[in-house]
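> One structure, as structure tokens, below. Some questions next.
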Amino acid sequence: MRQGSIERPALQKDYQAPGLDFETPPEKSLPMPDGQEFQPDPAFSAGSVAAAEWPLCHVRLQLDGRFPWLILLPRRAGLVEVEDLTAAERAQLIEETVRAGRVVRALGDAWGRPVEKLNVAALGNVTRQLHLHVVGRHGDDGLWPDPVWGRGAATPLVDPARALEIVRAG
């Protein structure tokens with residue numbers, strides 16, 4: 001285990017939907033400016049699946065049916081803080097965060113639980129690699145108004161293939 005990380009239970013590791021390969025990214029990773037291939041921290045595979053590649057970010061769908069939830073990972077090596085991005089990359093990250101918010105709202109609508117509030121956070125206390133969570137919340141979710149991180153057991157997505165379609169269309 002890496003220093004600074006904690007062991008977390010596999011949320012959906014054994015969960016598979018027919019015709020959906022959770023381990024294969026939808027597109028080949030794009031090369032980074034320094035020529036290295038982007039690699040998300042392996043900890044992300046425990047509870048999320050590669051869903052899309054946007055201009056700056058690798059986008060992951062959190063496998064938790066309680067909340068529509070995306071994770072944005074800027075495809076640059078060694079990033080820990082937002083300040084590690086260039087000014088142009090920070091502006092792009094904001095645009096992609098807004099885009100992710102629209103997608104999270106579309107997921108909430110598709111699940112019959114419209115999003116009342118978007119939570120956006122870059123914590124990094126468990127996984128240091130720079131990433132932003134974009135989580136859709138509503139007043140009757142089981143954790144409202146408390147934070148979602150590390151709280152309760154994830155539930156399977158009802159239709160993960162449809163969720164991925166929505167993310168990829170966004």
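Throughout, read-outs are computed from the coordinates displayed, never taken from laboratory work. Here the structure is a predicted model, which is why all the values come from computation and not from measurement. We place every Cβ from the backbone using ideal geometry, glycine too, and count neighbours over all the protein chains shown.
> Extending each Cα 7 Å along its Cβ direction at Ala169 and Ala88, get the distance between those two points in nm, one decimal.
3.3
> Rounded, prolate or oblate, given the Cα gyration tensor of segment 125-170, with a/c below 1.5 counting as rounded?
oblate
> Turning to a different aspect of this structure: In terms of the Cα gyration tensor, with a ≥ b ≥ c the square roots of its eigenvalues, is segment 28-161 rounded because a/c is under 1.5, prolate because a/b exceeds b/c, or oblate?
It is prolate, given that a/c is not under 1.5 and a/b is the larger ratio.
> Something else now. List the relative contact order of segment 45-169 as a percent without decimals, with contacts defined as Cα pairs under 8 Å and 6+ residues apart.
29 percent.
> If you don't mind, another one. Is the C-alpha gyration tensor of segment 79-132 telling us rounded, prolate or oblate? Criteria: a/c under 1.5 is rounded; beyond that, a/b larger than b/c is prolate, otherwise oblate.
Oblate, because a/c is 1.5 or more while a/b does not exceed b/c.
> Tell me the GluC sites (Glu not before Pro) within segment 50-144 that lie in a loop according to DSSP and have at most 10 other beta-carbon atoms within 10 Å.
Those that pass, being in a loop and sparsely packed, are Glu81.
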